[in-house]
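Structure first, commentary second.
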């Protein structure tokens, strides 16, 4: 579970996103950071039960920094208003598909898959979907998958025309037009602070494991 103080810190940070305020409230940040690291320490063995390489990770290898990269952004706010972590066999810097957890007051969610893969990897994923569409349909059409991810795969960013080499009549065309292969599930602040939160996240990650395994088989 996430402690109430962590959500409060993130709410206050969003209203006071500057270095002087952050420095004054560093003890609260360190407490929030420790809270997330403790949660991640609990999640790693749970995920490793169905994705064995995750067992080799440490919490620090999974948790992202709160500092924003503002070099190419018009928004020069120095800090994120969320805390997050990513589980991949190589940690937060790993390529391929993985499991993501985002903690933000009123906007927390778990997600998984691969977001905006390279052109090379995207071509390999599309090819695998085309070649193994029956397997892909079983994964994305299973009752467990649909129960956890009612909206299915995120289709907000798709090609308007078929990718090169594929026909509009291809039975997998709705998936082949995708640029990312991601599912997500939101969690309320109450759920995030519940004692059952670790179990709930682990259950959600388990439901997305077949998707992640399929994508990683394609790009490895």
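The values are calculated or read from the model by the stated rules, or taken from the named source; none is laboratory data. This is a predicted model, so every value here is computed, not measured. Neighbour counts are summed over all protein chains in view; Cβ atoms, including those assigned to glycine, are modelled from backbone coordinates with ideal geometry.
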- Message: So if I check each of 158, 208, 178, which one is without any contact (Cβ under 8 Å) to a residue 24 or more places away in the chain and either touching a helix residue (DSSP H, G or I) at 6+ places or on another chain (Cβ under 9 Å) or under 30 Å from residue 63 (Cα atoms) (or both)?
- Response: 158
- Task: Report, by residue number, each residue of the range 52-106 that is touching a strand residue (DSSP E or B) at 6+ places or on another chain (Cβ under 7 Å), closer than 20 Å to residue 210 by Cβ and not in a loop (DSSP other than H, G, I, E, B).
- Result: 54, 86, 87, 98, 99, 100, 101
- Taking only pairs six or more apart or across chains, which ones have beta-carbon atoms under 8 Å, a first residue in the range 19-37 that is at positive phi and in a helix (DSSP H, G or I), and a second residue that is modelled with pLDDT under 95 and surrounded by 17 or more Cβ atoms within 10 Å (Cβ to Cβ)? none
- Note on the structure: In the range 112-128, anything under 16 Å from residue 171 (Cα atoms) and touching a residue at least 60 places away in the same chain (Cβ under 8 Å) is listed as 125, 127, 128
- Message: Here is a check on your reading of the model: is residue 171 closer than 30 Å to residue 35 by Cβ, in contact (Cβ under 8 Å) with a residue 12 or more places away in the chain and loosely packed, with under 15 Cβ neighbours inside 10 Å?
- Response: no
